[in-house]
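Note sheet for the following structure.
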2 protein chains.
Amino acid sequence: MSLRFTVLQRSGLCNARTGQVTTPHGMFETPAFMPVGTRASVKGVLPAMLASTGAQICLANTYHLLLRPGPDIIERAGGLHRFMGWHAPILTDSGGYQAFSMADLNRVDDEGVLFRSVVDGSWVHLSPERAIRVQNQLGADIIMAFDDCPAAEPADTLATPTHRPDPQGSDPRPLRALRRDRIDGRAAHAQRLRQANERTVRWLERCKAAHARASDQALFGIIQGGTDLEQRTWSAQRVCAIELPGYAIGGVAVGEPSDQIARVVAHTAPLMPEDRPRYLMGVGYERDLLAAVRAGVDMFDCVLPTRNGRNANAFTPTGQIRLRNAVYADDRRPIESGCDCAACAGTGASHGPGAGGFSRDYLRHLFLAGEMLGPILVTLHNLRYFQRFMARIRRAVADDDWAGLEREYPVVARSGPTNPG
Amino acid sequence: MSLRFTVLQRSGLCNARTGQVTTPHGMFETPAFMPVGTRASVKGVLPAMLASTGAQICLANTYHLLLRPGPDIIERAGGLHRFMGWHAPILTDSGGYQAFSMADLNRVDDEGVLFRSVVDGSWVHLSPERAIRVQNQLGADIIMAFDDCPAAEPADTLATPTHRPDPQGSDPRPLRALRRDRIDGRAAHAQRLRQANERTVRWLERCKAAHARASDQALFGIIQGGTDLEQRTWSAQRVCAIELPGYAIGGVAVGEPSDQIARVVAHTAPLMPEDRPRYLMGVGYERDLLAAVRAGVDMFDCVLPTRNGRNANAFTPTGQIRLRNAVYADDRRPIESGCDCAACAGTGASHGPGAGGFSRDYLRHLFLAGEMLGPILVTLHNLRYFQRFMARIRRAVADDDWAGLEREYPVVARSGPTNPG
């Protein structure tokens with residue numbers, strides 16, 4: 001068995017649970033937050049430091065590693081764990097999402113996806129078989145099915161127009177024609193969603209058949225369906241009918257508002273098997289994580305702590321702070337008082353008399369001076385912040401004290417745009 | 001007393017010695033190599049990691065910190081040690097070298113130097129008094145005198161011309177006139193050197209008078225004189241006649257070949273007091289360090305390990321290797337077998353089964369993918385390499401086994417260009 005999932009505690013008030021997932025490279029606690037190491041590296045963070053933030057599993061991206069350095073080099077190096085010096089569990093995505101969203105896409109059909117490499121412009125073909133073969137070479141503990149990921153619904157089909165957007169402009173058609181266009185656009189998108197949904201199930205069967213390392217790599221299936229709950233139900237039933245060690249919710253957090261994420265997850269998670277880990281892909285902010293945990297989700301990944309950290313945005317329980325801001329020029333407090341990260345608690349400082357944390361005035365200086373240490377320190381803080389938040393969520397499950405968590409993290413109650421920064 | 005220097009061992013074969021320098025922030029062993037943290041950060045390296053490379057003292061640049069974030073902010077933060085989280089000894093240069101070499105220079109006279117800030121274009125004036133005042137605010141354990149650093153001799157005055165460089169060109173003057181120009185140029189440069197030398201001594205008196213923290217900051221004087229040994233003698237006599245806790249050789253490693261560095265240092269170091277630490281500024285490669293230690297030098301700083309590390313050039317005892325090179329694409333060896341750094345020994349990796357060092361194939365991948373972790377890991381290796389080299393030198397002094405050192409570090413015997421990379 002490639003993976004063992006044990007539920008430890010269940011909330012009496014919602015679908016939340018805590019658990020443990022055991023893999024060939026060790027155990028991780030759930031609900032779990034997985035930092036993203038796209039190109040076999042969490043940007044700016046040594047694996048030993050990543051472990052010290054409390055991360056027990058990390059993610060790498062098949063698409064990027066397929067293009068560079070290529071799976072053959074990583075396989076010859078002894079697999080991804082040895083290659084990147086991370087000897088705890090790893091999850092790889094299938095490359096599908098990036099192939100559909102990042103690439104110069106040429107052809108999508110039942111065979112797979114043909115796209116141009118962003119590295120050297122060469123043509124690359126990904127199919128369910130190829131995506132699994134590459135992930136077998138990389139050797140992650142958890143690998144993801146190759147799914148058909150259509151682009152999110154175009155914004156201009158979301159609302160029925162009530163006026164001509166550009167009455168003086170180049171589009172002389174009457175409002176009636178514009179409305180017809182929108183309706184056609186929405187219908188076309190719905191059809192594409194259905195097609196992708198059906199193809200994802202057919203591809204999942206092929207992924208499972210192609211998987212050559214089922215004894216030490218756990219293949220997860222992915223539920224699609226966009227924001228259409230009927231499509232989600234259909235997908236969950238078909239995907240979860242295929243026996244696998246775990247299942248994921250995909251196609252979420254592709255630009256929709258936070259309440260839509262919560263609505264889709266609250267609908268879909270209960271449709272997934274109780275005894276398998278549930279993974280919500282690419283989510284997200286604190287309140288998105290909390291809502292998903294309460295719906296019964298166990299695993300998360302997101303670039304927010306690392307990407308925002310590199311941009312000088314530091315997470316705190318009351319919202320993000322932008323360390324480039326002039327108000328921090330003379331601020332001798334750490335990012336978050338009481339945080340035990342390398343930046344706030346000063347474990348990244350040298351020992352000596354008066355050793356303490358790195359303060360906001362110094363961090364601001366590092367960013368304004370373009371010093372690498374700024375992104376490094378704020379990334380370390382953000383990663384630790386997310387791990388502390390997940391630990392607090394696990395405690396809330398055990399105690400069923402959700403109000404206590406919300407008091408400690410006012411940010412989860414924040415309305416309006418998800419990103420307060 | 002701001003600084004105590006104890007000589008522990010002396011070579012019987014040359015002027016080399018080992019010792020200890022004790023400062024208010026602790027002790028460092030000599031001969032010492034000081035990594036450079038220009039803007040209050042050794043690029044990409046947490047202070048705790050810097051300490052783990054064996055560094056016992058680091059350097060920061062007054063010029064850069066004066067312009068950004070400014071000495072007032074650092075003073076209010078409790079000084080440089082607290083600001084940057086490095087609680088071991090720190091040395092700051094005076095800003096003179098950068099003001100003369102990097103700035104849009106407007107005026108140099110006995111008062112000081114007027115130049116434009118590279119940060120915001122504003123006019124900045126540095127004088128001996130101001131340079132010391134700023135360093136008093138920064139609070140380093142060792143501070144440097146403000147010296148007059150003329151530009152190195154222009155290359156076109158170094159040789160007497162034997163032919164017209166551009167016979168078809170716009171300079172129609174006969175060879176005789178060109179020769180006269182060169183001679184005039186060399187004479188002008190020699191005069192500028194003498195002027196700078198004399199001014200440096202006058203400024204040193206003013207630096208000493210302006211120094212407000214002599215009880216906890218050790219002011220070092222700087223010997224100038226270019227490659228002119230008579231000028232060096234004059235400068236050493238005048239500078240060392242002013243009672244100070246230490247002295248430095250400046251104006252070296254400004255582009256001249258390795259044998260010229262060795263010649264100037266071999267001449268100058270013995271002119272400096274036996275009982276004070278001798279600091280050779282801005283040097284250098286392994287053979288430059290070794291030659292200077294044998295001449296009696298105790299302290300060094302250089303950007304080589306950090307700058308070259310960021311450019312994927314890794315130091316080894318047989319010379320630098322360029323990790324971007326395609327020959328390393330499938331090379332599963334560490335940078336240097338037997339090295340105990342975070343990269344080679346894998347102490348930067350997470351714990352776990354099969355944990356080992358980061359190999360050249362991975363490092364190459366990181367550089368080609370533009371991942372920060374590449375510069376970080378190679379910087380950590382290079383910093384540790386330089387500290388190991390200095391420890392080996394200290395052992396050679398104790399054993400007087402210089403041949404053994406040269407066998408272990410073939411790179412020190414290399415002739416030709418200093419940089420083999």
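The values are calculated or read from the model by the stated rules, or taken from the named source; none is laboratory data. Computed from a prediction, not measured in an experiment: that's the story for all the values here. Note that we place each Cβ from the backbone using ideal geometry, even for glycine, and neighbour counts take in every protein chain shown. Just the protein is used for accessible areas: all its heavy atoms, side chains included, with ligands, DNA and RNA removed. Shrake-Rupley method; radii C 1.70, N 1.55, O 1.52, S 1.80 Å.
In region A:67-83, the residues that are under 10 Å from residue B:362 (Cα atoms) form Cβ pairs under 7 Å with partners that are in a loop (DSSP other than H, G, I, E, B) and acidic (Asp, Glu), at six or more places apart or across chains, as follows: A:73/B:330.
Exactly one residue out of B:218, B:314, B:209 is in contact with a helix residue (DSSP H, G or I) (Cβ under 9 Å, 6 or more places away or on another chain) and in contact (Cβ under 8 Å) with a residue 12 or more places away in the chain: that is B:314.
Is it fair to say residue B:82 is modelled with pLDDT of 95 or more, touching a Gly at 6+ places or on another chain (Cβ under 7 Å) and open to solvent by 10 Å² or more (accessible area, probe 1.4 Å)? Outline the logic, then answer.
On the way: modelled with pLDDT of 95 or more: yes; touching a Gly at 6+ places or on another chain (Cβ under 7 Å): yes; open to solvent by 10 Å² or more (accessible area, probe 1.4 Å): yes.
Yes.
Scanning region B:373-411 for residues being within 14 Å of chain A (Cβ to nearest Cβ) and either open to solvent by less than 10 Å² (accessible area, probe 1.4 Å) or aliphatic (A, V, I, L, M) (or both) gives a total of 9.
Please name all residue pairs, on different chains or six or more residues apart, with Cβ atoms under 6 Å, provided the first residue is in region A:183-200 and is within 26 Å of residue A:241 (Cα to Cα) and the second residue is of a type in the set (Gly, Ala, Ser). Between residues of region A:183-200 that are within 26 Å of residue A:241 (Cα to Cα) and residues that are of a type in the set (Gly, Ala, Ser), the close pairs are A:193/A:226; A:197/A:225; A:197/A:235.
From the list B:295, B:369, which one is open to solvent by less than 30 Å² (accessible area, probe 1.4 Å), within 14 Å of chain A (Cβ to nearest Cβ) and small (Gly, Ala, Ser)? Before you say what the answer is, go through the steps one by one.
Values: B:295 fails: within 14 Å of chain A (Cβ to nearest Cβ).
Going through B:295, B:369 in turn, just one is open to solvent by less than 30 Å² (accessible area, probe 1.4 Å), within 14 Å of chain A (Cβ to nearest Cβ) and small (Gly, Ala, Ser): B:369.
For residue B:37, the stated conditions hold: it is free of Cβ contacts under 8 Å to residues at least 60 places away in the same chain and either surrounded by 21 or more Cβ atoms within 10 Å (Cβ to Cβ) or more than 30 Å from residue B:74 (Cα to Cα) (or both). Just so you know, in region B:216-261 the residues that are acidic (Asp, Glu) and more than 24 Å from residue B:140 (Cβ to Cβ) include one that is most open to solvent (accessible area, probe 1.4 Å), and it is B:230. Applying the selection to region B:209-240, what residues are part of a loop (DSSP other than H, G, I, E, B) and within 18 Å of residue B:282 (Cβ to Cβ)? Selection gives B:224, B:225, B:226, B:227.
Yes/no matrix, rows are residues, columns are (1) of a type in the set (Phe, Trp, Tyr); (2) modelled with pLDDT under 95; (3) more than 17 Å from residue A:366 (Cα to Cα):
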residue: B:12; (1), (2), (3): no, no, yes
residue: B:20; (1), (2), (3): no, no, yes
residue: B:28; (1), (2), (3): yes, no, yes
residue: B:33; (1), (2), (3): yes, no, yes
residue: B:41; (1), (2), (3): no, no, no
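Counting only strands (runs of 3 or more DSSP E) that fall entirely inside region B:47-155 and contain at least 2 residues that are within 14 Å of chain A (Cβ to nearest Cβ) and closer than 23 Å to residue B:32 by Cα, the qualifying elements are B:58-60. Among the conditions (1) modelled with pLDDT under 95; (2) open to solvent by 10 Å² or more (accessible area, probe 1.4 Å); (3) under 23 Å from residue A:254 (Cβ atoms), the only one that residue A:93 does not satisfy is (1).
Applying the criterion of being assigned to a strand (DSSP E or B) and within 13 Å of another protein chain (Cβ to nearest Cβ) to the residues of region B:14-46, the residue that is nearest to residue A:343 (Cα to Cα) is B:36.
Please tell me if residue B:243 is within 16 Å of the chain's Cα centre (by Cα) and assigned to a loop (DSSP other than H, G, I, E, B).
Numbers: within 16 Å of the chain's Cα centre (by Cα): no; assigned to a loop (DSSP other than H, G, I, E, B): yes.
Taking the combined requirement at face value, the residue does not satisfy it.
The numbered conditions (1) within 13 Å of another protein chain (Cβ to nearest Cβ); (2) surrounded by fewer than 19 Cβ atoms within 10 Å (Cβ to Cβ); (3) basic (Lys, Arg) are all true for residue A:310 except (2). Restricted to region A:315-359, and to residues there that are open to solvent by 30 Å² or more (accessible area, probe 1.4 Å) and in contact with a strand residue (DSSP E or B) (Cβ under 8 Å, 6 or more places away or on another chain), the residue that is farthest from the other protein chains (Cβ to nearest Cβ) is A:322.
Test residue B:8 against the criterion of being crowded, with 17+ Cβ neighbours inside 10 Å, away from chain A (no Cβ under 12 Å) and touching a Ser or Thr at 6+ places or on another chain (Cβ under 6 Å), and give yes or no. It is false that residue B:8 is crowded, with 17+ Cβ neighbours inside 10 Å, away from chain A (no Cβ under 12 Å) and touching a Ser or Thr at 6+ places or on another chain (Cβ under 6 Å).
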